[in-house]
Amino acid sequence: MQEEQGKPDTHLGRDIALYTVLRLVLVAAVGGVLLLFDVPLLVSLAIAVVVGFPLGLLLFRGLNNRVTAGLAERHADRDAERDRLRAELRGETDPDAN
């Protein structure tokens, strides 16, 4: 429904997928670097998660802001639609408003 109306969050799904993949790649890169220094696999994985995810928040801040804004807009649209439907069920809707 959002894509049909041409709203700015038409690429929200793509942005979420891209952001997720980039953060996972960052964790894998940090883990790979640690493995090159002969750090055990589980230890490097734990350190990579602890370091990589917060680092991803900093490195991909613009993409994070787009995802957050898109989710907030989608949430606002859903809230408005839910309020409209509840008002209609209560019989408070003006029939000429649509």
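Where a number appears in this text, it was derived from the coordinates with a stated rule and is not lab data. Everything quoted here is computed from the prediction, not taken from an experiment. Here the Cβ positions follow ideal geometry from the backbone for every residue, glycine too, while neighbour counts run over all protein chains shown.
Observations, loosely collected:
- Distance between modelled label sites at residue 43 and residue 69, nm, 7 Å Cα→Cβ extension: 4.4 nm
- What the Cβ-Cβ distance of residue 84 and residue 50 gives, at R0 = 35 Å and to the nearest 0.05, is a FRET efficiency of 0.20.
- Value of relative contact order over the range 11-90, rounded to a whole percent, pairs C-alpha under 8 Å and six or more apart: 37 percent
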